[in-house]
1. Is it true that some residue in region 407-416 is modelled with pLDDT of 90 or more, in contact with a helix residue (DSSP H, G or I) (Cβ under 7 Å, 6 or more places away or on another chain) and aliphatic (A, V, I, L, M)?
2. Suppose the filter is surrounded by fewer than 16 Cβ atoms within 10 Å (Cβ to Cβ), touching a helix residue (DSSP H, G or I) at 6+ places or on another chain (Cβ under 7 Å) and of a type in the set (Lys, Arg); does Lys164 pass it?
3. Which residues, counting only those in region 471-492, are in a loop (DSSP other than H, G, I, E, B), over 16 Å from Cys429 (Cα atoms) and of a type in the set (A, V, I, L, M, F, W, C)?
4. Considering only region 165-195, state which residues are within 23 Å of Gly266 (Cα to Cα) and of a type in the set (D, E, K, R).
5. Which residues, counting only those in region 214-243, are touching a Pro at 6+ places or on another chain (Cβ under 7 Å) and either buried (at least 19 other Cβ atoms within 10 Å of the Cβ) or assigned to a helix (DSSP H, G or I) (or both)?
6. Given the conditions (1) in contact with a strand residue (DSSP E or B) (Cβ under 9 Å, 6 or more places away or on another chain); (2) at pLDDT below 90, report the number of the one that Phe457 does not fulfil.
7. Quick check on my filter: what residues within region 176-193 are more than 20 Å from Cys153 (Cα to Cα) and either more than 18 Å from the chain's Cα centre (by Cα) or not in a helix (DSSP H, G or I) (or both)?
8. On the basis of being under 21 Å from Phe124 (Cβ atoms) and either outside the structural domain of Asn9 (by TED's automatic domain parsing) or buried (at least 17 other Cβ atoms within 10 Å of the Cβ) (or both), does Met45 make the cut?
Amino acid sequence: MKMPKSISNWISIAGALFAINAFILIIILFIQALLSEHQNPYNGMFTYIILPIIMVIGLLLIPIGMLIKRIRTKEVDQRWPVLDMNNSRQRQKLVLVSVFTFLFLIISAMGSYEAFNYTESVEFCGKLCHKVMEPEYTTYLHSPHARVACVECHVGEGANWYVKSKLSGLYQVYSVIFHKYTQPIATPIENLRPARETCERCHWPQKFYSRKLRSQRTYLTDSLNTEWNCSLLMKIGPSLSPMGLKEGIHWHINPDMRIEYIASTGDRETIPWVKMTNLKTGDVQIFQDTHNVLDKKAIDTLQHRIMDCMDCHNRPSHSYKSATVYTDNAMIAGSVPKELPFIKKVAMNVLKGPFTNKDSALTYIRDSITNFYKKGYPAIYAEKKNLIEIAIKGIEDEFNLNVFPYMRVTSASYLNHIGHLESDGCFRCHSDKHKSDKGKIISKDCNMCHTIIAQGFTNKILHTTVDSVMEFVHPIDVKDSWKTYMCTECHRVLYP
């Protein structure tokens, strides 16, 4: 079939070359992805996003170039074209254009579907911007939600939030390309979809289990790495499930209650004002921190946030453990030998940081632990060299999962609001300082959320019954100061 003369121009020729080359590359990359055992995140980006855009631009350049040439040569006919099906040439052209258009639409539909799936994948979210998203991706893979796709929580169902997320993603792409992102990425994330529309699709509050036993173990920094055990009965719900959300920790999201608060800092670590509304009775109570009273102007201007799951479970998939916690966990798991004298002490000293990059950090960890035993305890170094090597490897592995020097991310960067040991968490409100006009307080009583049923050193553990209350005993003798001070005054996370 003879091509029209107007196609012989550089714009149309360039467009055809772009389209043909992009199509060939798409086929090659698609086949490579099918045959390869290891997926490359950039393969999907080029196959389903970048190359299809180039191909479409190339196809558009062909008629644009033809039109421009006809205008320049004054061949433009102002009349509408006449389609004569009795003309064999026009019939052939129509069949050719129809077949090409049909095939193009089929391929475009398949490509658009694959592009949609790719942009919704964990690979796209976690690997594409590797350096920036490395902390989030690494912790996600080792979280309880590792089998839940990122978009299930960050986007949820429906086209509305899908479009919002993609528009937001455009700025994120710009930030990565031009290095406009903060290190670490600032939280909390603004305009996040409400937890009731995401978290509660799986975690149905009305069907929580009544209570849960939680056993904890930590190690002291003495020569024996002495074990301290504590078993807590967590009151995540009532004593009996049929009672519903009338008591227990998850009472905060009882559908009959609405809790609002004002945070005086952007990270929501300081909460001086709390409002509790009983939606059934209409009763309203307002509590203010007596040590940090907000004036009327601040109350009127600062954001009033309705409490939801994310106010406590703020690190459900991206939890960065402190050196104390991840070293204890490694010792419990056996990847750091607890029988190696002083290992908890030396780990705490070595992991203080700050570290500028991972390579130098890992070298420092290895050299410092080796020198600690080699110079300070040569007998231990000679006898337990293999245990020292195992301990170094275990600490390095835990460090890699929780500390990311390039993004300046440590457990201190993203405090976890569950509990009250390393961040104020629960004590942001439950501090005995928040009082109402009628004299009621938001209590700091430990037994509101949990009761201790066992605690103590190994082989010397004290036990009590489930219905009894045992007073906390600090593993190190600090007298009664733990009753009046916040836990964070000693335990706050300040380093990795």
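The values are calculated or read from the model by the stated rules, or taken from the named source; none is laboratory data. Since this is a predicted model, take the numbers as computed values, not measurements. All Cβ positions, even for glycine, are placed from backbone atoms using ideal geometry, and neighbour counts span all protein chains on display.
1. For region 407-416, residues modelled with pLDDT of 90 or more, in contact with a helix residue (DSSP H, G or I) (Cβ under 7 Å, 6 or more places away or on another chain) and aliphatic (A, V, I, L, M): present.
2. The answer is no for Lys164.
3. Those that are in a loop (DSSP other than H, G, I, E, B), over 16 Å from Cys429 (Cα atoms) and of a type in the set (A, V, I, L, M, F, W, C): Phe472, Val473, Ile476, Val478.
4. Listed by number, the residues that qualify are Lys180, Glu190, Arg193.
5. Trp228
6. The failed condition is (2).
7. Ile177, Phe178, His179, Lys180, Tyr181, Thr182, Gln183, Pro184
8. yes
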